[in-house]
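Notes for the one structure printed next.
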Amino acid sequence: MLPRWPLRLYYDGDCPLCAREIALLRRRSSEQRLVLIDISSPAFDPTSTPFEPKQLQAVLHAQDAEGTWLKGLDATYASWLAADLWQLSWLLAWRPLRRLLHPLYRLFCWLRPGLTWLPHPDGASRCDRDHCQPPKRQE
């Protein structure tokens, strides 16, 4: 089943790898198809979804225009479709490969919080005065 546009994608902007993918999605899509929501932004309202912040941080979430929630590889697949990245999306549509990718995605989700040491694509724009660490999350 294909999602209805626009797709609302809830992503962690503090994650360097995630931010790189979001930059690609932003370049390739429009707000008519993909609305990007940074859950690490102070402007994000955690009560705007039925999920706890830790759930949103643990795995990628998306909601289509009909209100259907997608998680993990399903959310990734839908976001790639929204950005017209058919070259990548067909990989996730192929069931045999998807069975192999699912455990790898779970491993990535488990390792992801420790990847904040990687260079962030926003670089110096993430610095506040003399401090260049990602902002602390509010728990």
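No value in this document is a laboratory result; all are computed from the given coordinates. Quick caveat: nothing in here was measured; it's all calculated off a predicted structure. Neighbour counts run over all protein chains shown; Cβ positions are idealised from the backbone, glycine included.
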Problem set entry | Thr68 versus Leu2: modelled label distance in nm, points set 7 Å from Cα along the beta carbon direction | 1.2
Seminar exercise, completed: From fewest to most C-beta neighbours within 10 Å, the residues His102, His120 line up as His102, His120
Seminar exercise, completed: Which residues qualify? For Leu60, with a placed amide H closer than 5 Å and at least 5 residues away or on another chain, they are Gly72
For this session: Once you have all Cα-Cα distances for the chain, histogram them in 10 Å bins from zero and send the whole-percent values.
Result: 11, 41, 37, 10, 1
Exercise. Which one of Phe44, Leu92, Val59 is farthest out on the positive end of the charge dipole of region 7-126, using unit charges on Cβ (Lys, Arg +1; Asp, Glu -1) and the Cα centre as origin?
Worked result: Leu92
Exercise. If contacts are Cα pairs under 8 angstrom and at least 6 residues apart, what is the relative contact order of the chain in percent?
Worked result: 30
Problem set entry | Using a Förster distance of 30 Å, the FRET efficiency for Leu100-Thr47 (Cβ separation, nearest 0.05) | 0.25
Problem set entry | Net lengthening on full extension, Leu24/Lys54 (0.36 nm per residue, minus Cα-Cα) | 8.3 nm
Problem set entry | Cβ-based exposure ranking for Trp80, Trp110, in which fewest neighbours within 10 Å come first | Trp110, Trp80
Problem set entry | Amide H contacts under 5 Å for Val35, placed H, 5+ residues apart | Leu7, Arg8, Leu9
Problem set entry | Least to most buried among Thr116, Thr47 (fewest other Cβ within 10 Å first) | Thr47, Thr116
Exercise. How large is the charge dipole for the chain, taken about the Cα centre, if only the Cβ atoms of Lys, Arg (+1) and Asp, Glu (-1) carry charge, to the nearest 20 debye?
Worked result: 480
Exercise. Against the longest principal axis of the chain, how steep is helix 16-28, in degrees 0 to 90 to the nearest 10, with axes from Cα atoms?
Worked result: 60
Problem set entry | Mean ellipticity per residue at 222 nm, deg cm²/dmol - from DSSP H runs of n ≥ 4 across the chain, formula -39500 (n - 2.57) | -11500 deg cm²/dmol
